[in-house]
Amino acid sequence: MAATVLLVEDERKLRDLVRSYLERAGFTVLSTGSGAEALTLAASGSPDLVVLDLGLPDIPGEAVARELRATGGVPVLMLTAKSSEEDRIRGLELGADDYVTKPFSPRIRCSACRRSCGAATVARPPSRASPATATTNWSSTSRGGPWWCAVPPWT
């Protein structure tokens, strides 16, 4: 069974892009742009991992992280534009398992998700991208659309 990732990101285009990468990497993805809905989905969807933006419109991501930590042990990967050293320290002290600043590489994010969920729980798709052609810029596209998170044969 595929691992379930709860993706919480208020920027719709970015949320859709990251969701696409995660799904192509074999994850089941629940997604929202709202902190309140994230807490509801976390309670009902039992995700294996939460990828959490801190700049949410309704509830600060830090409050969402605090609540997630108080109610269970789901790993939390923070994905945010807050990039100062103090922000990173606060995020990690809130219990984040990883803290990534924007812009970021979706392929690296997929790899971190696999590591956090355990590679055995993620159904890997057949490889379409070679290391020589895969992009590392989250906003780049190939001729056929956004590159997806293919697992290189050497990992």
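Read the figures in this text as sums done on the coordinates, not as results from a lab. Source: prediction; values computed, not measured. Don't worry about glycine lacking a Cβ; one is built from the backbone with ideal geometry, like all the others, and counts go over all protein chains shown.
Please work out if LEU54 is touching a residue at least 60 places away in the same chain (Cβ under 8 Å) and crowded, with 18+ Cβ neighbours inside 10 Å. Spell out the reasoning first.
On the way: touching a residue at least 60 places away in the same chain (Cβ under 8 Å): no; crowded, with 18+ Cβ neighbours inside 10 Å: yes.
So LEU54 fails the test.
Of all residues in segment 15-27, exactly one satisfies the criterion of being over 11 Å from the mean Cα position of the chain (by Cα) and among the hydrophobic types (A, V, I, L, M, F, W, C), namely ALA25. Figure legend. Inter-residue proximity from segment 30-48: first residues surrounded by 19 or more Cβ atoms within 10 Å (Cβ to Cβ), second residues of a type in the set (Phe, Trp, Tyr) and part of a loop (DSSP other than H, G, I, E, B), beta-carbon distance below 6 Å, spacing 6+ or different chains. No pairs are indicated. Each residue in segment 6-52 was checked for being closer than 19 Å to GLY95 by Cβ, out of contact with any Leu (no Cβ under 7 Å at 6 or more places or on another chain) and part of a helix (DSSP H, G or I), and 2 pass. Please go through segment 8-29 and give me each residue that is surrounded by 23 or more Cβ atoms within 10 Å (Cβ to Cβ) and of a type in the set (Asp, Glu), ordered by number. Within segment 8-29, GLU9 is the sole residue that qualifies.
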